[in-house]
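Here's the structure we're looking at; comments come further down.
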Amino acid sequence: MYDEQPAMYDLEFPSPEITNPAPDGPTLVIALDGYADAGHAVGGSADHLLAALEHRPIATFNVDELIDFRSRRPGVTISDSEIIDVESLELSMDVVRDSRGQSFLLLSGPEPDLRWGAFSQAVADLAQKFNVDKVIALYGVPMAVPHTRPTVVSGHSNSPELIQRVVNWDGRFQVPGSASLNLEKTLADRGHRVAGYSVQVPHYITQSPYPRAMLKLLQTVEVNAQLRFPLGTLEADTVRIDEQLAEQTEASREIQQVVHALEEQFDQEAQRHRERNPQGILPGEENLPTGEEISAEFEQFLAAIDATGLPGPSHQVSHDPHSTGDDHHNHDVRRHGESHEDSSSEDEPGE
């Protein structure tokens, strides 16, 4: 007699309501950390959304079935010669409400080590159950690019409209597989519109949380999923880290030479990309709004103006008093090989 196969996931009961989704169904955002998470871009983006927005789990996955704990060992806390805590790993799908109250789904947590096929089918079943329309997967890739140039987001998709405003690369190439990429293929085969967005992170700061990469990914999701996120704290963190990097670069001639060489390489590649794709998006031009979007946004602004002639409450920005940020992280390009402790930042609605 054989034991029953353990469940891949448990559904929350009662199931949280998916309120006010997009007309064609909610968007599923996939943000699995571990693989292709340079600069903590993916995990940091998920942490930010969960910290800043209202959310409830809709399905919790069985990590004992999916994670090889020898490759991702949980932290164990010992105090006064006694073990007092073992870190828990959580892989879940949550219903999240954006700044305007629109619901979307977020799959976040550690990338599974095992059973990618079964995991992908389970996620696809959940996507069907909750009438998911489009799927967006997030990636952070280390690249030989300088922090002094625009942060590039490239995209791939089975739906051309989802990659119109990100950089597209011609030709065919092969990359190492991942659970997220496997999910993309399975969900596309099930008939969903699927896109993957990869933010390029300077290779010398990939081990540190890089707020600019998180910000760029979430802005890309906003544009392509018609969602609105509170990004004020990430914007402030980006300015702070940029200042740290500028100070370190200014203080070291060696760093200046490396950055200058990367700048020249970046500019040459941008020029080649322009020549090959005269009508395409260039690095730094991603997410530019169309004329129709600018017009619609202006109309919304006018509608929000009250009798005093000032913007109404919908255009005010307030910050979460519980925001932790990642203010304690010092991005030292001279020690880019060292690991830094991850954290996230959060704030209240406002772009």
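Laboratory data are not the source of any read-out in this text; all were calculated from the coordinates shown. A quick note: this is a predicted structure, and the numbers were derived from the prediction, not measured. Note that each Cβ is placed from the backbone with ideal geometry, even for glycine, and that neighbours are counted across all protein chains shown.
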Query - Ranked list, fewest to most other Cβ atoms within 10 Å of each Cβ, for 79, 178, 159, 120 - result: 79, 159, 178, 120
Query raised in the report: residue 185 to residue 257: extension gain in nm, 0.36 nm per residue of separation minus the Cα-Cα distance?
Result: 21.7 nm
Query raised in the report: Given 0.36 nm per residue, what is the gain on full extension from residue 62 to residue 86 after removing their alpha carbon distance, in nm?
Result: 7.0 nm
**Report entry** Alpha carbon centroid spacing (whole Å) that separates region 1-71 from region 195-233
**Finding:** 19 Å
Report summary line: Distance in nm between residue 54 and residue 242 label points, each 7 Å along Cα→Cβ, equals 3.3 nm
**Report entry** Computed magnitude of the charge dipole of region 148-192 (debye, nearest 20; Cβ of K, R +1, Cβ of D, E -1)
**Finding:** 100 debye
Query raised in the report: Of 19, 238, how do they rank once you tally other Cβ atoms within 10 Å and put the fewest first?
Result: 19, 238
Requested in this report: For each of 93, 143, 214, count neighbouring Cβ atoms within 10 Å of the residue's Cβ, then give the residues from fewest to most.
Outcome: 143, 93, 214
Report summary line: Computed about the Cα centre, the charge dipole of region 9-293 from +1 Lys/Arg and -1 Asp/Glu charges at the Cβ has a magnitude in debye, to the nearest 20, of 800 debye
Report summary line: Quick calc: nm separation of the 7 Å Cα→Cβ label points for residue 121 and residue 76 -> 3.6 nm
